[in-house]
Amino acid sequence: MRTYVGTALSVVMVALVAGGCVPKAKLDSCRAANRRMEIELNKAHSALRTVRDEKQDLSRDLDMCRGEVKSKQADIEILEAAKADLQDKFDELSDRYQKLLDEPLPPETGPISISALPTKVDAALKAFAAANPELLEYLPKYGMVKFQSDLTFELGSDYVQDDAQEALARFVEILQTDAAQDFNVFVAGHTDNVPIKKAATKRRHPDNWYLSVHRAVAVQQILQAAGLDPERIGAMGFGEHHPIAPNKPGGKGNKVNRRVEIWILSKDRFLTPEAVVGTDGGD
């Protein structure tokens, strides 16, 4: 376009000069106008190139953005698929968890606190506790009979007193009934936190832990002497370390913590199942 305009102006000026009818001042004016037009035309061409370059840059940026959007969309689809898969697994686990909550625990895995005794055994133990309210307590929730140590033993002694021996003999009669044959007993001795001080006592029971174990063994011996199969009896001691009520400050103790607990549990508890015991004798 610039070439055409310049050529046209040149032709006009030549014609005017050749005709000799145009003053020199007017010719100079036309020439100046021609130069101005050429300058403006060059500016227009420069601006056009700048616009074209910017258009190309914007086109490249747009293509890059479209690529990023496509990539992000793919990532979103992958994440949504993973989320849906996790939701399905969560729903499945939630259903299984709810079913486990609704199902009763099997006896072999249920906690001791819900191990109910047979109706006949439970009734006999309730009557047994009612007949000896000062000496012992029966806790049906745990299947446990708790003897008060202060009435079962002399202070610092592991000798079972006569009244307690008679009560333990009646207790064995209950355990020998058909309804109780599938249950073992575990005797657990407990003390308060009063330290053993008498030299004679310390020679036999160096500390409260020894005393608790020795008392549990003494009860075990009474049960066995009354006819209970020794294979159905276990004995253990916990010393002062499992109180059921706060002891008085300064090692003053608490009589409720001095006790012997007899837990009545099914034979598959606390013992190695026969199925996993070797038959070759072992070491």
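For this structure, a couple of remarks:
- Computed from backbone phi with θ = phi - 60° and the Karplus coefficients 6.51, -1.76 and 1.60, the 3J(HN,Hα) list for the stretch 198-206 is 5, 4, 5, 5, 5, 5, 8, 10, x Hz; x is used for glycine and proline.
- Our coupling estimate for the stretch 173-180, obtained by passing each phi through the Karplus curve with A = 6.51, B = -1.76, C = 1.60 and θ = phi - 60°, is 4, 5, 5, 8, 6, 4, 5, 9 Hz, Gly and Pro reported as x.
- Summary of packing: across the peptides 241-254, 52-65, the per-residue average of other C-beta atoms within 10 Å ranks them, highest first, as 241-254, 52-65.
- Span from the the stretch 121-135 Cα centroid across to the the stretch 24-64 one, whole angstrom: 114
- Cut-off under 5 Å, modelled amide H: who pairs with K267 long-range: N184
- Under the Karplus curve 6.51 cos²θ - 1.76 cosθ + 1.60, θ = phi - 60°, whole-Hz ³J(HN,Hα) for the stretch 63-79, x wherever Gly or Pro sits: 5, 5, 4, 4, x, 5, 4, 4, 5, 5, 5, 5, 4, 4, 5, 5, 5
- log10 of Debye I(q)/I(0), alpha-carbon scatterers only, for the stretch 114-272 at 0.12, 0.14, 0.20 Å⁻¹: -0.50, -0.67, -1.29
Any read-out appearing in this document is the output of simple, stated calculations on the displayed coordinates, not a laboratory observation. Owing to the predicted nature of the structure, the values given are computational and were not obtained by experimental measurement. Because the Cβ atoms are built from the backbone with ideal geometry, glycine has one as well, and the counts that use them run over all protein chains shown.
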